[in-house]
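Working notes, structure below.
The values are calculated or read from the model by the stated rules, or taken from the named source; none is laboratory data. Nothing here was measured: the structure is a model prediction, and the numbers come from that model. Neighbour counts run over all protein chains shown; Cβ positions are idealised from the backbone, glycine included. The accessibility values were calculated without ligands, DNA or RNA, using every heavy atom of the protein model including side chains. Shrake-Rupley method; radii C 1.70, N 1.55, O 1.52, S 1.80 Å.
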Amino acid sequence: MTGLDYFAWVVFITIIVAALAIVVALCKIPGKIAKDNNHPQAEAINVAGWLGLLLSFGVIWVIAIIWAKTKPVTTNVPSEIEDIKASIAQLQKQLEAKQGDDAC
């Protein structure tokens, strides 16, 4: 092997290492965005980013990016339950008042 062959091998290995580094950097992007935004499903987004780029040729990876950028919808369930209980109590009072008027 000549010096030119060794140089070709070094260039070839450098290109492969650079390609792998780019793939790893791209796979980390959705998870990093989710963690920076304190997304509650950051770990799931991270997994979707890795699997999406490696297994689905980027389709799920794009969805993971969108998922990481969205703000999750949180509902205040205890508050809603209290509102419903108050509405039921008010309706019961109205019904009792109406039944009392009908009895007379």
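When TRP61, TRP67 are screened for being open to solvent by 70 Å² or more (accessible area, probe 1.4 Å) and in contact with a helix residue (DSSP H, G or I) (Cβ under 6 Å, 6 or more places away or on another chain), only TRP67 passes. Are any of the residues in the stretch 2-17 surrounded by 13 or more Cβ atoms within 10 Å (Cβ to Cβ), farther than 14 Å from THR70 by Cα and of a type in the set (D, E, K, R)? For the stretch 2-17, residues surrounded by 13 or more Cβ atoms within 10 Å (Cβ to Cβ), farther than 14 Å from THR70 by Cα and of a type in the set (D, E, K, R): absent. Pairs are defined by a Cβ separation below 9 Å, a sequence spacing of at least 6 or placement on different chains, a first member in the stretch 55-74 that is over 14 Å from ASP36 (Cβ atoms) and in contact (Cβ under 8 Å) with a residue 40 or more places away in the chain, and a second member that is open to solvent by 100 Å² or more (accessible area, probe 1.4 Å) and outside any helix (DSSP H, G or I); no pair meets this definition. In the stretch 70-98, the residue that is modelled with the lowest pLDDT out of those that are in a loop (DSSP other than H, G, I, E, B) and open to solvent by less than 80 Å² (accessible area, probe 1.4 Å) is PRO72.
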